[in-house]
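What follows draws every value from the coordinates through simple rules; no lab data is involved. The shown structure was predicted, so the numbers you read here are calculated from the model rather than taken from an experiment. Heads up, the Cβs are rebuilt from the backbone with ideal geometry, glycines too, and the neighbour counts pull from every protein chain shown.
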């Protein structure tokens, strides 16, 4: 089990907005912009990392950056996250966990809308899956193709809570002055209905080294502006982590559940008999080396969405799936221990930021 020494709780103090691909602009322009913009309900892992880096800068007197750039590099690392850069040095930040939701004091993971439905196998036909024929057909008796199924939030006892019980949408309409073609906008935000918050864990060093001297790493409760519209969040820091939710320790069973969005190879599905999946679009900001501004967008990536469930035919195949997601064993599935160690660094830059985490369940 991963060891974290810090728990960070983010409680929105107002409606919040986490941006995605749909942004403001002329209807159906070349970038697919629109007058209607939807918030993502959850922050991205890279956003959580960026928030933690900012908190460290703020709490350790490294702002403004123009006056403390070298000290800032020692504290939070020189480069930001990018899925292709293989950067794992974020200064005092060694690792962060996948995002969880806290509701009524209970830890919840984000689950696929159909993950709690009964799945059976009809042995009277064949199913084409991952370019191979399987002599059985998956069947969900309770599935209705005319229904729209939102995300579920699931606790450690596999009790599911509907998304709408925890989150509520809010809409804002307005006009941008001085614009004839892009002035009207409609923006959808989210809020927690009751006592809800986002939670993630981190492993943070107690000291960092700058000019051959050790300095203590400070983190404390505060209020920050976070998200696409810079909405206020209360940040609570707990430096003692007693018990992690069981989501982080599941290691048995033929089902592999994603705790976070994951970069995966298509060959992953050759070990599955069936899968409940969706994708998320991801972009990361690119900052020039040695600078903390002048951001530009990275390429677009389609990640396997957190909550996706991969069904294996055996425990051995489930282990191969989990290894390929979290460790990066070979695409051919030759998962020897030597090969796993050889390839582990290939995904370390993803897992240390909370991507590519999964667990197995029966």
| query | Between residue 140 and residue 65, what length in nm is gained on full extension when 0.36 nm per residue of separation is reduced by their alpha carbon distance? | reply | 21.5 nm
| said: I'd like the FRET efficiency for residue 313 and residue 159, computed as 1/(1 + (r/R0)^6) with the beta carbon distance as r and R0 of 35 Å, rounded to 0.05. | reply: 0.80
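Can you sort 90, 163 from fewest to most other Cβ atoms within 10 Å of each residue's own Cβ?
Ordered from fewest to most neighbouring Cβ atoms within 10 Å, 90, 163 come out as 163, 90.
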| request: Rank the residues 200, 355 as a footprinting-exposure proxy: fewest other Cβ atoms within 10 Å of their Cβ go first. | output: 200, 355
